[in-house]
Amino acid sequence: MKKKLNLEDWSRREHFEFFKKFEEPFFGLVANVDVTKAYAVAKSSNASFFLYYLHKVAAAVNGVEAFRYRIAGDEVFVYDSVDVSATLTREDNTFGFSFMEFHEDFNVFELSAQKEIERVRNTPGLFTRAFEMDNIIHFSAIPWVNFTSLSHARSFVFPDSCPKISVGKIVEENGHKLMPVSVHVHHGLMDGYHVGLFFDLLQQELNSNV
């Protein structure tokens, strides 16, 4: 479900009107998150750590309203919830786009996501299904690189306002496991403040016991 945002009453209306005219309206930043506790919880419960932290990312995304904004023409809509389209690698090192529906219950999310992983890995091609919705985030994991910056391939003629989130290689530092997280978002829909809210909420999610 989604509802139209009242632009007349929106405090960021001028920001939206300004940045939506840009050829490249996205901005991005990278920060480390501490996954020490999350890693331990996932391993103790025999859960996939990839799906465990992906669920935390999705929960943080859904917890910040600005991350659920999407642009349609000259209007902005707010979705009730946002799902995940993650790139999934296959044995031949190609990847395909997936769709993973977000559920607050990790066990429900994990079971559904595992089926989607299996489906994509056994389906050739890049687009293994139709993507007619935009209440998704574009997600990718690059576990081979401890990156400090990241850019995305983008078609400027294709209308897109979906956040793009990527994670990198986990490194050990002073007894803590740190993982870089890259966030690229449409500046017409949010600012650095909102990305900061996302990182704060993500760290809270990663520090939880469930």
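The values are calculated or read from the model by the stated rules, or taken from the named source; none is laboratory data. Everything quoted here is computed from the prediction, not taken from an experiment. Cβ placement follows ideal geometry from the backbone for every residue including glycine, while neighbour counts extend to all protein chains displayed.
Go through segment 169-195 and give me each residue that's over 30 Å from residue 5 (Cβ atoms) and either among the aromatic types (Phe, Trp, Tyr) or in contact with a strand residue (DSSP E or B) (Cβ under 6 Å, 6 or more places away or on another chain) (or both). Correct list: 170, 171, 176, 178, 179, 180. Taking residue 75, is it more than 19 Å from residue 204 (Cα to Cα) and either out of contact with any strand residue (DSSP E or B) (no Cβ under 8 Å at 6 or more places or on another chain) or surrounded by 15 or more Cβ atoms within 10 Å (Cβ to Cβ) (or both)? So residue 75 fails the test. Has segment 7-20 got at least one residue that is among the charged types (D, E, K, R), under 24 Å from residue 164 (Cβ atoms) and loosely packed, with under 12 Cβ neighbours inside 10 Å? Among the residues of segment 7-20, not one is among the charged types (D, E, K, R), under 24 Å from residue 164 (Cβ atoms) and loosely packed, with under 12 Cβ neighbours inside 10 Å, which makes the answer no.
Residues are listed down the side, and each one gets a yes or a no for (1) crowded, with 20+ Cβ neighbours inside 10 Å; (2) closer than 20 Å to residue 99 by Cβ; (3) small (Gly, Ala, Ser):
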site	(1), (2), (3)
140	no, yes, yes
144	no, no, no
151	no, no, yes
158	no, yes, no
179	yes, no, no
182	yes, no, yes
189	yes, no, no
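When 181, 167, 171 are checked against the criterion of being over 13 Å from the mean Cα position of the chain (by Cα) and more than 16 Å from residue 16 (Cα to Cα), a single residue qualifies: 171. Among the residues of segment 96-116, those identified as touching a residue at least 40 places away in the same chain (Cβ under 8 Å) and either closer than 20 Å to residue 166 by Cβ or of a type outside the set (Phe, Trp, Tyr) (or both) are 100, 102, 104, 109, 110, 113, 114. Listed by first and then second residue, the pairs with beta-carbon distance under 9 Å, at least 6 apart or on different chains, first residue in segment 49-64 and of a type in the set (Lys, Arg), second modelled with pLDDT under 95, are 56/208.
Looking across segment 98-117, the residues that are of a type outside the set (S, T, N, Q), under 20 Å from residue 67 (Cα atoms) and in contact with a strand residue (DSSP E or B) (Cβ under 6 Å, 6 or more places away or on another chain) come down to 99, 100, 101, 102.
Hand me the list of strands (runs of 3 or more DSSP E) wholly inside segment 136-210 holding 1 or more residues that are touching a residue at least 60 places away in the same chain (Cβ under 8 Å) and out of contact with any Pro (no Cβ under 9 Å at 6 or more places or on another chain).
By residue number, 136-141, 164-167, 176-186.
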